[in-house]
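Below is one structure, written out as structure tokens, with a few remarks after it.
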Amino acid sequence: MEWTADVAAGDWLRERLDDTWAHTMHSVVPRGFEAYARVFHPVTRERPEGRAWPPLPFDAHKREWDAFQSAEPSIIAEPATWAQTAAAMGTTMHPLAQWTHLVAPGVIIENEDFPRDRDGWRYIDPEQGALDPQPLAALARLLAAATTTPDAGGTAVWEGWGDLVGAMVDAPVRGFFGQSPGMPRRYAEYTPEETPHESVLYRSIKDVFNNPFRKATWRPGILSDEISRGPRLELPDRSYVLFRAGVSTFTDPDWILNAPWRDRASEEHGFAPSAHAPNLVWPDDRAWVMVGEIDFDSTIVAGPAELVAAIVADPALEAASIPADSDLSWDADEVNR
């Protein structure tokens, strides 16, 4: 994978996109393909082992939640599909389903907790704009078999991820916070009124994020300054950093280890290797295009009908065929109103 300044290589995508005011997926998914597949991003569900979650709302049951956290109960977590979620919530899974409508019956109190089913499973929202490495690898293998140029193509990553590129700003692009002795293990979950004495000391540390006299300076990102200052692939309302990388690159779930945008700074602070999932991938022969739109909780593939059928049939993926002109906005699920 190598960065390229030849952003004109992606001009053909722009020519196939609608204006952003059009209420279909084609403001981000190119037209002109025989078929379209929607790959639903994985879901995780969790519940305490041998006990129930404390009641909601949090403010009215603070004592119960404090006792729950102090006990550090074992939390069982397992993968789930959108179809399993719909069955648990009593809703209907269909190709144009939207997560917020699919789980609506399980929302106990708005903005208080993740939706829960009757068996106590709590469902974590699917990731937006990112397909996990394992399903991405499964999808990439199908895509590689559907092009004459699996080792050559374009890969684009949205520039707007807050830590990806450097910029002239008046505050750090990112920050890493460690745990000082005596500080609560899950400090971020507490409000100042709820923290122990150590939080007073914590807040007395000089705040580098809120200095009103700070002048804008160049703050580096994950990518080099050359790439950060370089040209972008400009599509409607989206700007991308473009790389030369064939889809075969992503057939191994460990592609992260070789990504130019691998987040090595976070690894230095003890985090596991990570990299943002590609938002656009296409082969040089333009047989198909994969779109990981940042506001979608599913990945769209536009290509030949045989490819879409293979994606839908793959047991490693949860996917469905969708028609052209589909509306994938958050409120477009007419079935689960």
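Given the residues 264, 286, which is the only one that is open to solvent by 60 Å² or more (accessible area, probe 1.4 Å) and modelled with pLDDT of 95 or more? After applying the criteria, what remains is 286. Is at least one residue of the range 313-320 touching a helix residue (DSSP H, G or I) at 6+ places or on another chain (Cβ under 7 Å), assigned to a strand (DSSP E or B), open to solvent by 10 Å² or more (accessible area, probe 1.4 Å) and modelled with pLDDT of 95 or more? Among the residues of the range 313-320, at least one is touching a helix residue (DSSP H, G or I) at 6+ places or on another chain (Cβ under 7 Å), assigned to a strand (DSSP E or B), open to solvent by 10 Å² or more (accessible area, probe 1.4 Å) and modelled with pLDDT of 95 or more, which makes the answer yes.
Scanning the range 246-265 for residues that are farther than 20 Å from residue 149 by Cβ and among the aromatic types (Phe, Trp, Tyr) turns up just one, 261. Hey, any hits in the range 114-130 for a residue that's assigned to a loop (DSSP other than H, G, I, E, B), crowded, with 17+ Cβ neighbours inside 10 Å, modelled with pLDDT of 95 or more and of a type in the set (Phe, Trp, Tyr)? Yes, some residue in the range 114-130 is assigned to a loop (DSSP other than H, G, I, E, B), crowded, with 17+ Cβ neighbours inside 10 Å, modelled with pLDDT of 95 or more and of a type in the set (Phe, Trp, Tyr). Any chance the range 37-50 includes a residue that's modelled with pLDDT under 95 and open to solvent by less than 50 Å² (accessible area, probe 1.4 Å)? Checking the range 37-50: not a single residue is modelled with pLDDT under 95 and open to solvent by less than 50 Å² (accessible area, probe 1.4 Å). Can you tell me which residue is surrounded by the most Cβ atoms within 10 Å (Cβ to Cβ) among those in the range 51-69 that are out of contact with any helix residue (DSSP H, G or I) (no Cβ under 9 Å at 6 or more places or on another chain) and acidic (Asp, Glu)? So the residue we want is 64. Here residue 74 meets the list (1) exposed (fewer than 11 other Cβ atoms within 10 Å of the Cβ); (2) over 27 Å from the mean Cα position of the chain (by Cα) almost entirely, failing just condition (2). If you filter the range 17-36 down to residues that are within 17 Å of residue 240 (Cα to Cα) and in contact with a helix residue (DSSP H, G or I) (Cβ under 8 Å, 6 or more places away or on another chain), you find that the one that is surrounded by the fewest Cβ atoms within 10 Å (Cβ to Cβ) is 20.
Among the residues of the range 87-110, the ones that are in a helix (DSSP H, G or I) and among the hydroxyl-bearing types (Ser, Thr, Tyr) come to 1 in all. Strands (runs of 3 or more DSSP E) fully within the range 20-86 that include at least 3 residues being not hydrophobic (A, V, I, L, M, F, W, C): 43-48.
Only one entry in 248, 298 is among the polar types (S, T, N, Q), under 23 Å from residue 11 (Cα atoms) and open to solvent by less than 50 Å² (accessible area, probe 1.4 Å), namely 248.
Among the residues of the range 28-35, some residue qualifies, meaning at least one is farther than 30 Å from residue 107 by Cβ, in contact (Cβ under 8 Å) with a residue 40 or more places away in the chain and of a type in the set (Lys, Arg).
The values are calculated or read from the model by the stated rules, or taken from the named source; none is laboratory data. Everything numeric in this text was worked out from a predicted model, so none of it was measured. For neighbour counting, all protein chains shown are included, and Cβ atoms are generated from backbone atoms with ideal geometry for every residue, glycine included. When the accessible area is computed, the model is the full protein with side chains, heavy atoms only, and any ligands, DNA or RNA have been set aside. Shrake-Rupley method; radii C 1.70, N 1.55, O 1.52, S 1.80 Å.
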